[in-house]
């Protein structure tokens, strides 16, 4: 089911060292639980010699499903801190795996929690958080005499023209946020004294920073 949500738009990896232990955090966008489990499986294969491969994911494909694992670390020191950070940023359809190579010094419960939290925060800072927003594709038609006014108005509203058609009338194909469509339509109708046609042709969901 299509809907709006916040996620990340890319995959990233970062590493931190805490008392000689290596923490390697990997973040990736997913759309299903199956994709999330496949990412975790792949990371475990890449770092199969690691001491731990902890993880957390939040997936919403119609209903919210989240899961996390400490993968042998003391209970509550890895999976919960990771999922808590994802939840704090209201992220969905995202998986984070934090791999640990033990460095010989025990960190304790507090130290582990801080380390897994820092690794997750750091990798999150490397990606762009985006909102998947509901938009509409619009066919905007007007006479040649109104082209300048229409173009200036679209520019002022930071709306790009995706395509143009020049026949008896000029038709601009644009994409606008669904929540602003009525406002944009009213502005253009007023601007042209009701001499333009604003026709919604499709609903789409688009990544927006």
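Read-outs throughout are calculated quantities, based only on the coordinates presented, and are distinct from any laboratory measurement. On a predicted model such as this, the values are computed, not experimentally measured, just so you know. Counting neighbours? That spans all protein chains shown, and the Cβs are built from the backbone with ideal geometry, glycine included.
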* Which angle from 0 to 90°, rounded to the nearest 10, does the C-alpha axis of helix 147-156 make with the longest principal axis of the chain? -> 30
* 5 Å-binned pair-distance histogram of region 134-208 (Cα, whole percent) -> 3, 17, 31, 28, 14, 5, 1
* **Paramagnetic reach from residue 206 (point 7 Å along Cα→Cβ, amide N under 20 Å) across region 1-36** => 2-10
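Hey, with R₀ at 22 Å, roughly what FRET efficiency would residue 183 and residue 147 work out to, going by the Cβ-Cβ distance, to 0.05?
Working: r = 21 Å, r/R0 = 0.97.
E between residue 183 and residue 147, to the nearest 0.05, is 0.55.
So what is the relative contact order for region 144-209, in percent, with contacts set as C-alpha pairs under 8 Å and at least six apart? Show your work: numbers first, answer last.
Details: 37 pairs, mean separation 15.6, N = 66.
Normalised by residue count, the contact order of region 144-209 is 24 percent.
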* Asked: Under the definition of Cα pairs under 8 Å and six or more residues apart, what whole-number percent is the relative contact order of the chain?
  -> 25
* **Folded to 0 to 90 degrees: helix 79-88 orientation relative to the chain principal axis, Cα** => 20
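Quote the relative contact order of region 1-75 in percent (integer), defining contacts as alpha-carbon pairs under 8 Å separated by 6+ residues.
Numbers: 70 pairs, mean separation 16.3, N = 75.
Relative contact order for region 1-75 comes out at 22 percent.
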* Folded to 0 to 90 degrees: helix 181-191 orientation relative to the chain principal axis, Cα -> 30
